[in-house]
Amino acid sequence: MKEKKYSAIIILAGLFTMFYVQYYLRPHYAPHNLLKIVMGCLPNLISAIILPYAGFWLLNRWLNFYSLLTQDIIHITTCLFLISYEMLQLIPVLGKTFDYFDITATIAGTIISSLCMKELIKSPVIITVESAI
């Protein structure tokens, strides 16, 4: 169950970082163009990293997260959800700003999360009688 504790820590650290960037760093320290782009994409990157861990934390009772296929499905679903949310910002009525950098940050965050989750949640080692002798 150490994976569940680590997932909760990753979720809380990601949420703290995302709100810190959103409400403190962006308004005060983003005057330059490059820094403004990075600060604008950071919440998307962090959300793409923490959403699969939230899925593990909430759904590990019903889904087998030790399966690489399940992990890949969770990551692809998260990525498609966040890209769909970004595409919905093209609707003018919503008053949101569409940005290709956010989609790039979402894909990068999904890749980072996938690599980290595969390292954190490894398959349990099955010891056979022959290898134990």
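What residue, among those in the stretch 50-77 that are closer than 16 Å to Ile112 by Cβ and touching a Ser or Thr at 6+ places or on another chain (Cβ under 6 Å), is modelled with the lowest pLDDT? Full working, then the answer.
Step one: filter the stretch 50-77 for residues closer than 16 Å to Ile112 by Cβ, giving 50-56, 71-72, 74-76.
Still in the running and touching a Ser or Thr at 6+ places or on another chain (Cβ under 6 Å): 51-53, 56, 75.
Working: Leu51: 91, Pro52: 90, Tyr53: 88, Phe56: 84, His75: 91.
Filtering the stretch 50-77 for residues that are closer than 16 Å to Ile112 by Cβ and touching a Ser or Thr at 6+ places or on another chain (Cβ under 6 Å), the one modelled with the lowest pLDDT comes out as Phe56.
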Among (1) more than 20 Å from Tyr23 (Cβ to Cβ); (2) touching a Cys at 6+ places or on another chain (Cβ under 7 Å), the one test that Ala105 misses = (1)
Residue, modelled with the lowest pLDDT, within the stretch 87-110, restricted to residues that are of a type in the set (A, V, I, L, M) and farther than 13 Å from Ile37 by Cα | Leu94
Which one of these does Val38 not meet: (1) under 26 Å from Glu119 (Cβ atoms); (2) exposed (fewer than 15 other Cβ atoms within 10 Å of the Cβ); (3) without any contact (Cβ under 8 Å) to a residue 24 or more places away in the chain?
-> (2)
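The values are calculated or read from the model by the stated rules, or taken from the named source; none is laboratory data. This structure is a prediction, so every number in the text was calculated from the model and none was measured. Glycine gets a Cβ as well: all are built from the backbone with ideal geometry, and neighbour counts include every protein chain shown.
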